[in-house]
1. Out of the range 78-99, which residues are of a type in the set (A, V, I, L, M), more than 23 Å from Pro53 (Cα to Cα) and out of contact with any Cys (no Cβ under 8 Å at 6 or more places or on another chain)?
2. Answer yes if at least one residue in the range 108-121 is in the same structural domain as Arg59 (by TED's automatic domain parsing), in contact (Cβ under 8 Å) with a residue 60 or more places away in the chain, more than 19 Å from Leu52 (Cα to Cα) and of a type in the set (D, E, K, R), and no otherwise.
3. Report, by residue number, each residue of the range 86-107 that is of a type outside the set (Val, Ile, Thr), in a strand (DSSP E or B) and in contact (Cβ under 8 Å) with a residue 24 or more places away in the chain.
4. Being under 19 Å from Val37 (Cβ atoms) and outside any strand (DSSP E or B) is the filter here, so list the residues in the range 74-85 that pass it.
5. Being more than 17 Å from the chain's Cα centre (by Cα) and surrounded by fewer than 16 Cβ atoms within 10 Å (Cβ to Cβ) is the requirement here; does Gly96 meet it?
6. Would you check which residues across the range 99-114 are basic (Lys, Arg) and surrounded by 16 or more Cβ atoms within 10 Å (Cβ to Cβ) and list them?
7. Are any residues in the range 54-70 surrounded by fewer than 16 Cβ atoms within 10 Å (Cβ to Cβ) and of a type in the set (D, E, K, R), and if so, which ones?
8. Got at least one residue in the range 55-62 being closer than 14 Å to Val114 by Cα and of a type in the set (S, T, N, Q)?
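The values are calculated or read from the model by the stated rules, or taken from the named source; none is laboratory data. The structure presented is a predicted model; accordingly, all values stated were derived computationally and were not measured. Backbone-built Cβ (ideal geometry, glycine too); neighbour counts: all protein chains shown.
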Amino acid sequence: MTRTLILALAGTAATMAATAPVAAQQWSYNERGWRTVGYSRVDGRDNDTIRLPGVTRQRAIRICSLNAPLRLRDFDVRFANGGSQDVNTRAVLPAGRCTRAVDLRGNRRDVEAVRLRYEPILRNAARPVVRVQVR
């Protein structure tokens, strides 16, 4: 009986390991080139800044709310050369949803930070985790 249980667990583990790369490839394909460059748990204040590591020269950006709804008033994209781009969204992001794709002005800009202005919809629930994606 013990031997059968061990073989069954080994078979299940092998199956899960074999299907994991397929799921990762499907995620990349379904997202159409979006790459996550930053996360932040927004803490209920009026605004937060997410600093992005390294050089992220991209042409479009979007903001996603992961685990709780969020009312995103607007966000500012700060570039490495000192410039900025203000994006007025006034969007309500349900958990697991993203804003529209916002084209960055100029040709493939180096994004340094993103400043969010928001309101949590549920004050006493879990704080939303915000994800910044670029392509």
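1. Ala91, Val92, Ala95 - these are the residues of the range 78-99 that are of a type in the set (A, V, I, L, M), more than 23 Å from Pro53 (Cα to Cα) and out of contact with any Cys (no Cβ under 8 Å at 6 or more places or on another chain).
2. yes
3. Across the range 86-107, the qualifying residues are Leu93, Arg97, Cys98, Asp103.
4. Ala80, Asn81, Gly83
5. no
6. Arg109
7. Arg57, Arg59
8. Taking every residue of the range 55-62 in turn, at least one turns out to be closer than 14 Å to Val114 by Cα and of a type in the set (S, T, N, Q).
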